[in-house]
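A short worksheet on the structure shown next.
Readers should treat all values here as calculations from the given coordinates under stated rules, not as data from a laboratory. The shown structure was predicted, so the numbers you read here are calculated from the model rather than taken from an experiment. Don't worry about glycine lacking a Cβ; one is built from the backbone with ideal geometry, like all the others, and counts go over all protein chains shown.
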Amino acid sequence: MLYLTRKAEFSASHYYHNPDFTPEENARIFGKCNNPNGHGHNYTLEVTVKGAVDPRSGFVVDLKQLKDVMNREVLDALDHRFLNKEVPEFFRRIPTTENLAIAIWQRLEPKLKAAQLHRVRVYETPRTGCTATRCRRRRTVRPTASATIPMGTGTTTWSRSR
């Protein structure tokens with residue numbers, strides 16, 4: 001089994017607001033991120049698929065096909081969008097990095113035919129991101145919070161299940 005990762009970038013804006021919270025709770029919990037005018041991020045997306053190498057092509061998956069699916073299902077839908085107002089998954093769901101990773105997983109998984117989706121990693125900033133992977137036993141998506149911290153010449157990745 002081999003793993004193949006494709007990286008992409010997109011820009012989007014959002015704000016955090018829970019209609020079940022009072023204005024004071026929203027302000028206390030979400031701080032500046034609760035501003036309804038929103039704020040933006042330049043996101044980095046990593047999509048990892050897994051599979052066997054096709055003996056005829058030498059590929060786990062044709063990278064052009066993976067790129068086309070990522071463009072059609074994710075980048076065309078999210079790039080330069082106000083997530084809360086323009087993306088249906090976030091009309092009633094807070095567009096946190098965790099929820100964004102899950103939504104991207106749900107968009108990609110049914111569209112990938114040649115290889116199995118293994119991981120979706122979304123970085124909101126160069127140091128903060130979230131990883132969604134399939135739970136082996138329950139066949140559900142599990143987000144983990146991740147932060148990559150520069151350490152000398154390399155990097156150290158920290159992640160924990162939520």
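Packing-wise, with mean Cβ within 10 Å as the measure, how do 32-45, 110-123, 71-84 rank, highest first?
Answer by packing, highest mean first, reads 110-123, 71-84, 32-45.
At 7 Å along Cα-to-Cβ for each site, give me the label-to-label distance between Asp20 and Asp54 in nm.
4.5 nm
Excluding same-chain residues fewer than 8 positions from Lys85, which lysines have a Cα within less than 19 Å of its Cα?
Correct list for Lys85: Lys32.
Could you please report the charge total around Ala77, scoring K, R as +1 and D, E as -1 over all other residues with beta-carbon less than 11 angstrom from its beta-carbon?
So the environment of Ala77 carries a net charge of -2.
Which FRET efficiency, nearest 0.05, do Ile29 and Asp68 yield, Cβ-Cβ r, R0 41 Å?
Calculated value: 0.60.
Note the full-extension length gain between His80 and Ser11 as 0.36 nm times their separation in residues minus their Cα-Cα distance, in nm to one decimal.
24.3 nm
Using the Cβ atoms and a cut-off under 10 Å, what net charge is assigned to the surroundings of Asn34, where Lys and Arg are +1 and Asp and Glu are -1?
+1
Expressed as cubic angstrom per residue, what is the convex hull volume of the alpha carbon set of the stretch 27-135?
In the stretch 27-135, the Cα hull volume divided by residue count equals 122 Å³.
Which residues among the stretch 101-132 fall inside the zone where the amide N is under 19 Å from a point 7 Å beyond the Cα of Glu46, along Cα→Cβ?
101-106, 108-109, 116-132
Could you name the lysines in cross-link range of Lys64, using Cα to Cα under 25 Å and dropping any fewer than eight places away on the same chain?
Reachable lysines: Lys7, Lys50, Lys111, Lys113.
Neighbour counts of other C-beta atoms within 10 Å: give me Cys135, Cys130 arranged from fewest to most.
Placing the least packed residue first, the sequence is Cys135, Cys130.
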